[in-house]
Amino acid sequence: MSLHADASASPPAATDQPALAKKIRWYDGFAMSLTMPAALIASLGASIGGLGAWGAIGLWAISMVLATVANWIYSELAAMFPDSSGGIAGYASEAWKSRAPVFGPIASIGYWIPWTTALAVYAGIIGSFVQVQWFPGQDWSVDLGPLSLSFPIVVGLAVMLLLYGAAMIGLHVAMWLVYLTGGALLVPLAVFIVGPFLSGDWSAAHLHWDLHGAAGLHKAIVWLYVMSWTSFGVEVCATFAPEYKDTVKDTSRALRAGVLFCLGVFILLPLALSGYLGEKAITGDPTTFYVAAFQKLVGGAADVMVVFLIASLLLIMITGLADGSRVLYDMGRQGLTVRQLGHLNRRGVPARALTVALVLNVFVLTVLKTPLAIIVTGNLGYILTHVLAVSGFLLLRRDRPDAPRPIRLPGVFVPLAWVLTAVLVVILVVGATGFSITGYGGYKELGIAAALLALSVVLWFYRTKIQDRRAAPEPQSGR
């Protein structure tokens, strides 16, 4: 069944458009899922400082268990809709279109924001690593009203422009960069996970659990909100479903391999580093403490290891740019935003969507500046998209019981989906209003996220009522 089978909800794609090339396999998708261990770098230090090491380890584990259940559910949906390049946002849109079609653009933009702004998050971190390791004296900054420039931000802007140029060539070419940077990621991961335990300096004696009573529960839920994109992001494998050679098998294998690998990393990495460096050292420098860890573990090889670490961050930037641009392209193709974005150039690349992503990231990096502030901004829509996608699995089981399901999960996943939906709703409501607990984000970030979601609805109405010259479909109950 195709995502555009219902003509009332999705205008047919133009027949003279180039198609996304089917050139990748499941291990290519798994390589892109390595972005999530790289993403952990952005918020691990802050989580240890805010929760205590044991609290951070426990919550990262819980977050990944929730992500594991979600990604098993998405394997069924990915097999149902093999032509969707919108990933979980496409599944949410398809499931809800007969009841609340406005959820389609909201879910899609909600999904698009965090994946696209990953470019700004990790560009800024790369700039900070370059400054700390090689240019410690470059501590200047320039304020231009709401915009700010500093040495790390300028480095980040340059990196974003280089990756934008690479993405314009095409995903099959960018996969060489994915494998190069993914391989580079495995080097610091191995050093950080294995090295501390072999050093003889690892100890759990001074690790803490800073979650106590009702206040601790509240803090835990807020931090699960912050952690969600990092852990749930393994679903990126589903976005490239139309580009796998064997859509059903490759998508399912990539999703499951990615989530199981990340589950192990998300438990072992914070355990190893916090026991080796100590909570105080990590809390004092939550973004670049990895540089000190490298220097302590490998001494004179620290320069080389920081290069590996930067390469691993390039991996998530490449994946985020590719993923986000395909979601925006799919929105234009499916009638969820302005028609101009549903366009591929002659090489089969969503060039217009890539350009929109670049402009947004330049704005985000120069305005929001800090990695966690950017992540907090994106998580409002991202968690909402997961709520709509997981509940969409339940709706599709009820509304289309006889629809082809090349992968059909056991019945136990139905109650699991109900529980997961409820948990995600709690995380969304509590987390989006609890930014004062983490110290990152506030009303400005919440306002930007809400404004972007609202803009998605405006553009959807413009597409349906003006560009397509038709009224928006009326919500219906039942099938």
message: Checking Tyr244 against (1) more than 24 Å from Gly348 (Cα to Cα); (2) touching a strand residue (DSSP E or B) at 6+ places or on another chain (Cβ under 9 Å), only one condition comes out false. Which one?
response: (1)
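Residues checked against (1) closer than 22 Å to Trp54 by Cβ; (2) free of Cβ contacts under 8 Å to residues at least 12 places away in the same chain:
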| site | (1), (2) |
| --- | --- |
| Leu189 | yes, no |
| Gly200 | yes, yes |
| Pro242 | no, no |
| Lys245 | no, no |
| Gly258 | no, no |
| Val265 | yes, no |
field: Criterion violated by Phe413 - all others in (1) of a type outside the set (Val, Ile, Thr); (2) buried (at least 22 other Cβ atoms within 10 Å of the Cβ); (3) modelled with pLDDT of 90 or more satisfied
entry: (2)
- request: Return the only residue of Ile374, Ile383 being part of a helix (DSSP H, G or I), touching a Pro at 6+ places or on another chain (Cβ under 9 Å) and in contact (Cβ under 8 Å) with a residue 12 or more places away in the chain.
  value: Ile374
task: Go through the range 175-223 residue by residue and tally those that are among the aliphatic types (A, V, I, L, M) and surrounded by fewer than 16 Cβ atoms within 10 Å (Cβ to Cβ).
output: 10
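Which residue, of Val349, Val364, Val412, is out of contact with any strand residue (DSSP E or B) (no Cβ under 9 Å at 6 or more places or on another chain) and free of Cβ contacts under 8 Å to residues at least 40 places away in the same chain?
Matching residue, one of Val349, Val364, Val412: Val412.
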field: Verdict on Ala123 being aliphatic (A, V, I, L, M), surrounded by 18 or more Cβ atoms within 10 Å (Cβ to Cβ), in contact with a Gly (Cβ under 9 Å, 6 or more places away or on another chain) and closer than 22 Å to Thr366 by Cβ
entry: yes
query: Based on what the data block shows, is Val226 at pLDDT below 90, among the β-branched types (Val, Ile, Thr), surrounded by 14 or more Cβ atoms within 10 Å (Cβ to Cβ) and under 30 Å from Leu420 (Cα atoms)?
result: yes
field: Qualifying residue in the range 287-294 (condition: in contact with a Pro (Cβ under 8 Å, 6 or more places away or on another chain), polar (S, T, N, Q) and surrounded by 18 or more Cβ atoms within 10 Å (Cβ to Cβ))
entry: yes
statement: The condition of being at pLDDT 90 or above, in a helix (DSSP H, G or I) and under 28 Å from Leu66 (Cβ atoms) holds, among Val458, Val429, only for Val429
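Checking the condition over 21 Å from the mean Cα position of the chain (by Cα) and under 22 Å from Leu119 (Cα atoms), which residue from Ser203, Ser199, Ser148 passes? Working first, answer last.
Working: Ser203 fails: under 22 Å from Leu119 (Cα atoms); Ser199 fails: under 22 Å from Leu119 (Cα atoms).
The unique qualifying residue is Ser148.
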message: Only one of Leu149, Leu162 is without any contact (Cβ under 8 Å) to a residue 60 or more places away in the chain, of a type outside the set (Ser, Thr, Tyr) and surrounded by fewer than 20 Cβ atoms within 10 Å (Cβ to Cβ). Can you tell me which?
response: Leu162
message: Suppose we keep only residues that are of a type in the set (A, V, I, L, M) and touching a residue at least 40 places away in the same chain (Cβ under 8 Å) within the range 126-143. Which one would you say is surrounded by the most Cβ atoms within 10 Å (Cβ to Cβ)?
response: Ile126
- prompt: Out of (1) crowded, with 24+ Cβ neighbours inside 10 Å; (2) of a type in the set (A, V, I, L, M, F, W, C); (3) in a helix (DSSP H, G or I), the odd one out for Leu336 is which?
  reply: (3)
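For the range 158-250, which helices (runs of 4 or more DSSP H) that fit wholly inside it have 2 or more residues that are under 27 Å from Ser63 (Cβ atoms) and touching a His at 6+ places or on another chain (Cβ under 8 Å)?
Here the list reads 213-232.
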statement: Reported set for the range 81-102 where residues are buried (at least 24 other Cβ atoms within 10 Å of the Cβ) and assigned to a helix (DSSP H, G or I) is Gly87, Ile88, Ala89, Gly90, Tyr91, Ala92, Ser93, Glu94, Ala95
- line: The condition from (1) of a type in the set (A, V, I, L, M, F, W, C); (2) touching an Asp or Glu at 6+ places or on another chain (Cβ under 9 Å); (3) assigned to a helix (DSSP H, G or I) that Leu119 misses is numbered (2)
Filter result for the condition that a residue is in a helix (DSSP H, G or I) and within 26 Å of Tyr179 (Cα to Cα), over Leu271, Leu297: Leu297
- prompt: Here are some residues: Leu328, Leu260. Which one is within 25 Å of the chain's Cα centre (by Cα), surrounded by 24 or more Cβ atoms within 10 Å (Cβ to Cβ) and at negative phi?
  reply: Leu328
message: For the range 38-77, which positions are among the aromatic types (Phe, Trp, Tyr) and more than 17 Å from Ala238 (Cβ to Cβ)?
response: Trp54, Trp60
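The values are calculated or read from the model by the stated rules, or taken from the named source; none is laboratory data. Please read these numbers as outputs of a predicted model, since none were measured by experiment. A quick note on method: Cβ atoms are made from the backbone with ideal geometry, for glycine too, and the neighbour counts reach across all protein chains shown.
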